[in-house]
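The block underneath contains the structure these notes are about, expressed in structure tokens.
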């Protein structure tokens, strides 16, 4: 039985209990959210792991980190280090996006090392293996795709991004209306190439029931991939994106009916003034299931700093209803991230998530900030270190601190000290 | 020479107005009108001879300012001048010299000579530091001393003066009564409050506000109202003390404009995401559209070590909501003094925020910049992507380090570049990859 079906039958699962305790809400709230589809709990039946989390309405925003090899760099050992760095920095899940080297081995390594939820994009492996076996991505067969999905699900993946919401109708719209950056989703590009070359409809769309059967068997959360996401702020909220979102909505409905947990992936590059509308449309068209977004990147012009453009868009989107933020690292648009990039990406995204949590739920996050403010007033460095989103820089400062508190302006008799006494905080 | 504001009111377009209009891609008449309305200020002191005037305000690109300055024994003039150069290279629009100790006069003179960017200062620091030297205690500073320093700094050519004119006894008492969590967040403000409490005197910058205006008018310095009650934590945002100070500043804006002096207002601080728009709206309403110069704002208290990111979030949304001038926050905020690299990071993060706001406002230059970058991306034109990047040096370095030693142009996707694959089917590019 999947979490959704259990919830609908009125049954409270162990995972729901864990999530409720973590979020400090009533477990009935979680059960109801899972039953309605506004909350998902990524947890493959086949995989045991220590950390469970819920994603969706009324919960704190979660942060995902990406790892994985590419054809240019397939060092599994380095990916293991990145995984460790991201978990230490506080991510709630990973996606293993490997496209190079031993993809099976890499996935199994990720699943065994991670204590949090793990997701993937099975089309990458299917596409890369089609090149190895058949000479080209476009020679991939529908069975290749479904077999890869089944294999990955059986390995224990908790959620999967699958590019079902792309069909000829969407692509025709794209061709008719034109775009600055046509398809920036890698899975989307594989599928677009496949469809045009074979002149066949997307098998992941056409045989959606076959996909749902696999998801259901293992209780994998289906993350409807955003094949047509805007890759530039100029393309945000264009016809093609909306078409794709409507197809995603249709598929969400089917998934919910089938008792499969489902969420929807979103952009991408979105200017600040489009964020609220993007969120509203997604929630409306996709039956209020959780929205999993990449960024949003609030501008295109900051390669090297996209963890910051992503934090800007992510925070505002979180306030407007995004539930799950996929991180961006400073290496986005430039290369495969290093361990340090991964850490920077998780921290920036957690700042965005936390800022949004404060605005959307006050509870918990707000108190943490208040405690931090009080620790600052009390000059209590240890407490600040405890409360910081990431304490590495505070720890460095503490190590270097010479303890000299003499005022640089006033010397011994400090005017600000008089003010402190006046306010009773000296 | 006539004050810029008075010229604008009389319908005269000055060379400064022409100059900034050209830079901003707007008509000189647009600038003149907004200067007359007080919605745009042009930073330039008549005595700052090498300055390139910068305009800040409604309808213009959002600007950023970087702060440096002598602070305690571990800082030196040469190091601070080096930071100014780094900040200018990274694209800051203005500099603030917030020196609080050491040879403040020399520092300021060197700063003015070192850059063509407008320079701001906070004269209270020097007045207190000199009183501490002269009388053995900063608390013994005389009102005369303070105005003498303001005049000295203005005469040197400082383009904008940060002055805590609205931090009155009433405001302070309210903060105490209401139990503000962090009443001492403004460094200058805290010292001023201590001086007021100790001496039992009203804020001299408020009481003698006409003297402030006289000096500002003499050199055509823009007055930048500093906020003694800026919120230093989310819990203090939009509290009574902050709002009351803003009400007072609104009154002083009126008086400043009437004196023919240009004025802008400094603001937050720490502000929760959902209070940013309200904060800007309130300032715009109470201060009659005077440009808003905001510090950050930081959207959480808990991001120590990463506050440039927290500030970029708040700055972007504030810029979109109408704040026209962002004071940078570096990763050293709440921890210590920034080094050169942190200055650079602070400027770039603030510029990203400013640009995101401008893009959201649909400003043509901002929209064009994003479009050009994305076209370069589509063409896989790396040289162009680097030259269009907000910080080309960092972009090129990260790209080379992460992808330079590999066969593909970008190691992120390696052979499986989405742009390349799809361009075969949707574009004109015939590169074969599959």
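Values in this text are rule-based calculations from the coordinates and carry no lab data. Everything quoted here is computed from the prediction, not taken from an experiment. Note that each Cβ is placed from the backbone with ideal geometry, even for glycine, and that neighbours are counted across all protein chains shown.
Key figures for this structure:
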| quantity | calculated |
| --- | --- |
| Gain upon complete extension [residue A:81, residue A:12; 0.36 nm per residue less C-alpha separation] | 21.2 nm |
| Computed over the range A:97-136, Cα set: Rg, Dmax in Å | 11.3, 37 |
| Among A:327, A:292, A:305: highest mean-square fluctuation, GNM of chain A, C-alpha pairs under 10 Å | A:305 |
| For residues of A:309-319, the mean tally of beta carbons on other chains within 10 Å | 6 |
| Most to least packed among B:160-166, A:225-231, B:147-153, A:51-57 [average Cβ atoms within 10 Å] | A:225-231, B:160-166, A:51-57, B:147-153 |
| Alpha-carbon centroids, the range A:76-93 and the range A:229-287: separation in whole Å | 29 |
| Principal axis box of the range A:119-242, alpha-carbon based, largest edge first, Å | 40, 31, 22 |
| Largest-first principal axis extents of the Cα set of the range A:1-86 (Å) | 48, 25, 20 |
| Stokes-Einstein D for the range B:61-362, Kirkwood Rh over Cα pairs, 20 °C, 1.002 mPa s (µm²/s) | 113 |
| Shielding score for B:372-384, defined as the mean number of other chain Cβ atoms within 10 Å | 4 |
| Rounded FRET efficiency, nearest 0.05, which uses the C-beta distance separating residue A:380 from residue B:105 and R0 of 41 Å | 0.65 |
| Cβ crowding within 10 Å averaged over residues, with A:120-130, A:106-116 ranked highest first | A:120-130, A:106-116 |
| Solution diffusion estimate, µm²/s, Stokes-Einstein, the range B:304-385, Kirkwood Rh from C-alpha pairs, 4 °C, viscosity 1.567 mPa s | 95 |
| Principal axis dimensions, largest first and in whole angstrom, of the protein assembly as shown by Cα | 86, 54, 44 |
| Evaluated at q = 0.10, 0.18 Å⁻¹: base-10 log I(q)/I(0), Debye formula over Cα of the range A:46-169 | -0.33, -0.98 |
| Rel. contact order, % - alpha carbon contacts under 8 angstrom, at least six apart, the range A:59-361 | 19 |
| Reciprocal of mean inverse Cα separation for the range B:162-258 (Kirkwood radius, Å) | 13.6 |
| Cα centroid separation - the range B:102-158 against the range A:135-154, whole Å | 71 |
| Cα Rg over Rh - the range A:225-375, Kirkwood | 1.00 |
| Simple label model, 7 Å out from Cα along Cβ direction - residue A:399 to residue A:284, nm | 5.3 |
| Ordering of A:328-334, A:190-196 by burial proxy (mean other Cβ atoms within 10 Å per residue, highest first) | A:328-334, A:190-196 |
| Over the protein assembly as shown: helical MRE at 222 nm, DSSP H runs n ≥ 4 each giving -39500 (n - 2.57), nearest 500 | -16000 deg cm²/dmol |
| Cα centroid of the range B:378-400 to Cα centroid of the range A:183-197, whole Å | 26 |
| Cα-based Rg of the range B:365-426 normalised by 2.2 N^0.38 Å, two decimals | 1.18 |
| Cα-derived Rg to Rh of the range A:356-426, Kirkwood definition | 1.07 |
| Residue mean of other protein chain beta carbons inside 10 Å, A:142-150 | 0 |
| Isotropic mean projected area of the C-alpha convex hull, chain A (nm²) | 22.2 |
| Whole-number percent relative contact order across the range A:98-156, with pairs defined as alpha carbons under 8 Å at least 6 apart | 30 |
| Distribution of pairwise C-alpha distances over the range B:34-173, 10 Å bins, in % | 12, 38, 34, 15, 2 |
| Average Cα contact separation per residue, the range A:110-214, under 8 Å, 6 or more apart, as relative contact order % | 32 |
| Candidates A:59, A:394, A:297: whichever shows maximal mean-square fluctuation once chain A is modelled as a Gaussian network with Cα springs under 10 Å | A:394 |
